[in-house]
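These notes are about the structure you will find just below.
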Amino acid sequence: MGAPFSRRWFLLSSAMASSVSGLAGIDTVAHSQSVPQRPGNLLVISSGNGIKAVEKAMAILEAGGSTLDAVVEGVALVEDDPEEDGVGYGGLPNADGEVELDASVMSGPTGAAGAVGALKYIRNPVRVARLVMERTSRVFLVGEGALRFALAHGFHKEDLLTEKSRQRWLQWKEELSDKDDWVAPPNKAPQKPERPQGTINCLAIDAQGDISGVTSTSGLAFKMPGRVGDSPIIGAGLYVDNRVGAAGSTGNGEANIKVVGAHSVVEFMRQGRSPEQACLETLKRVVDLYRGTPPNLSFYALNKSREFGAATLFKGAKYCAHDGSRAVVRESVWLLEKK
Ligand code: GLY
């Protein structure tokens with residue numbers, strides 16, 4: 001859900017304010033943040049939870065691996081991390097307590113794409129998405145069919161709940177309603193657990209200018225079983241065009257699907273916008289769509305010239321970048337500010 005309507009939001013660029021409709025009465029303030037970029041031969045960027053992913057991806061690129069190997073294996077590392085609650089093993093489950101994972105992958109040099117949705121029992125959906133891309137003539141497998149495909153390729157079923165994620169789901173379930181049969185333990189203060197939408201996006205370009213990207217998620221915490229967000233939707237959660245650049249997203253999947261966000265970012269870059277400006281322009285479309293009550297969403301992008309940037313609707317998001325010398329975490333520029 002978006003923030004309460006009574007909050008005052010500030011557009012952080014007066015130029016942007018003039019072109020965003022549906023925001024009558026909202027104050028604007030001029031604000032700029034330097035565009036972080038450092039041209040080099042190799043570049044990997046990711047959402048803020050991807051520091052290990054960009055390090056692993058860069059190591060693969062430096063060893064001569066492809067951008068596809070780099071982003072897939074970089075993100076697989078984060079999928080394996082039980083402490084990362086929005087991705088892979090240890091990701092927060094659906095309303096029934098079952099972990100359902102979504103992922104997408106695109107290879108710029110081949111223009112190929114693969115994706116899986118609502119995949120259970122397999123901790124690395126990104127590797128399965130890659131196999132959908134490389135070992136089928138299709139793009140997107142979901143649910144039972146995606147699981148059977150993964151098992152056919154030798155993946156093993158496992159329980160993806162950790163003790164910590166199970167406890168968080170149980171607490172959500174017990175606090176959900178005082179009219180159902182689930183009751184919290186005595187003497188335990190209600191926590192009203194949040195429903196994060198943790199996701200990882202990772203994009204890479206190599207010395208030849210080849211680009212690949214992946215997005216992976218366990219989706220909205222405690223979601224309706226079968227709900228699939230933007231992450232595995234080619235054009236929404238991820239898009240790569242080897243001639244232009246790549247973009248991906250984290251945050252509210254429903255908002256992003258409705259603006260086909262990653263594809264929009266790439267199209268804005270094709271028209272000459274910088275990655276950061278392209279991300280902001282796409283976020284403005286979300287604001288337009290929601291008429292002033294947008295849920296939070298972030299985009300990440302890089303272009304063929306190895307410029308990169310990230311933007312978020314509401315202040316506070318971070319992203320990671322590795323240019324071959326070191327990995328850094330930076331604050332994404334933001335469009336709106338809650339006061
Ligand atoms: N962006 C992740 C999701 O909405 O599922």
Checklist line | Within segment 98-174: Cβ-based charge dipole about Cα centre, in debye rounded to nearest 20 (Lys, Arg +1; Asp, Glu -1) | finding: 140 debye
Checklist line | the chain, accessible area per residue, ligands and nucleic acids excluded (1.4 Å, Å²) | finding: 42 Å²
Note to self: Among HIS156, GLY145, VAL75, whose Cα projects farthest towards the positive end of the dipole of segment 39-179, with charges put on the beta-carbon of Lys, Arg (+1) and Asp, Glu (-1)?
What the structure shows: GLY145
Check: Which residue, GLN277, GLN167, GLN191, tops the fluctuation ranking in a GNM of the chain built on C-alpha contacts under 10 Å?
Finding: GLN191
Check: Distance in nm between label sites at ARG243 and ARG135, each 7 Å beyond Cα in the beta-carbon direction?
Finding: 3.3 nm
Next item on the list: Just subtract the alpha-carbon distance of VAL328 and SER177 from 0.36 nm times their residue separation and send over the number in nm, one decimal.
Entry: 50.1 nm
Notebook entry, point to check: For segment 61-116, rounded, prolate or oblate, judged on the Cα gyration tensor with a ≥ b ≥ c (square roots of eigenvalues), a/c < 1.5 rounded, else prolate if a/b > b/c?
Noted result: oblate
Note to self: For a 21 Å ceiling on Cα separation, which of these pairs sit above it: LYS192/LYS284; LYS120/LYS188; LYS284/LYS315; LYS52/LYS223; LYS52/LYS284?
What the structure shows: LYS192/LYS284; LYS120/LYS188; LYS52/LYS223; LYS52/LYS284
Margin query: For a quick check of your reading of the filter: which GluC sites (Glu not before Pro) in segment 161-265 sit in a DSSP loop and have no more than 13 other Cβ atoms within 10 Å?
Written below: GLU194
Item checked: Extension gain from LEU289 to HIS153, taking 0.36 nm per residue of separation minus the Cα-Cα distance -> 44.8 nm
Notebook entry, point to check: Taking the Cα centre of the chain as origin and charging only Cβ (+1 Lys, Arg; -1 Asp, Glu), how large is the dipole, in debye to the nearest 20?
Noted result: 700 debye
Next item on the list: Let me know the charge dipole size of segment 214-277 about its Cα centre in debye, to the nearest 20, where only the beta-carbon of Lys, Arg (+1) and Asp, Glu (-1) is charged.
Entry: 60 debye
Next item on the list: Could you work out the local net charge near SER332, counting Lys and Arg as +1, Asp and Glu as -1, over the other residues with Cβ closer than 14 Å to its Cβ?
Entry: 0
Notebook entry, point to check: What residue among TYR239, TYR300, TYR319 shows peak mean-square fluctuation when the chain is described by a Gaussian network model with Cα springs under 10 Å?
Noted result: TYR319
Next item on the list: Per DSSP H run of at least 4 residues, take -39500 (n - 2.57); add these up for the chain, divide by its residues and hand me the 222 nm value, nearest 500 deg cm²/dmol.
Entry: -8500 deg cm²/dmol
Check: Alpha carbon centre of segment 245-299 versus segment 151-220: separation in Å?
Finding: 24 Å
Notebook entry, point to check: Which one of VAL116, VAL214, VAL139 has the biggest mean-square fluctuation once the chain is modelled by GNM with Cα springs under 10 Å?
Noted result: VAL139
Notebook entry, point to check: Using the Cα gyration tensor of the chain, with a ≥ b ≥ c the square roots of its eigenvalues, what is the shape: rounded (a/c below 1.5), prolate (a/b larger than b/c) or oblate (neither)?
Noted result: oblate
Notebook entry, point to check: Picking from HIS263, ALA204, ALA57, whose Cα lies most toward the positive end of the charge dipole for the chain (charges on Cβ: Lys, Arg +1; Asp, Glu -1)?
Noted result: HIS263
Item checked: Beta bridges per DSSP with both ends in segment 270-339, % antiparallel, nearest 5 -> 75 percent
Check: With a ≥ b ≥ c the root eigenvalues of the C-alpha gyration tensor of segment 224-313, is it rounded (a/c under 1.5), prolate (a/b larger than b/c) or oblate?
Finding: oblate
Next item on the list: Would you work out which of ALA327, SER104, ASN252 lies farthest towards the positive end of the dipole of the chain, given +1 charges on the beta-carbon of Lys and Arg and -1 on that of Asp and Glu, about the Cα centre?
Entry: ASN252
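The values are calculated or read from the model by the stated rules, or taken from the named source; none is laboratory data. These figures come from a predicted structure and were not determined experimentally. Note that each Cβ is placed from the backbone with ideal geometry, even for glycine, and that neighbours are counted across all protein chains shown. With ligands, DNA and RNA removed, areas are computed over all heavy atoms of the protein, side chains included. Shrake-Rupley method; radii C 1.70, N 1.55, O 1.52, S 1.80 Å.
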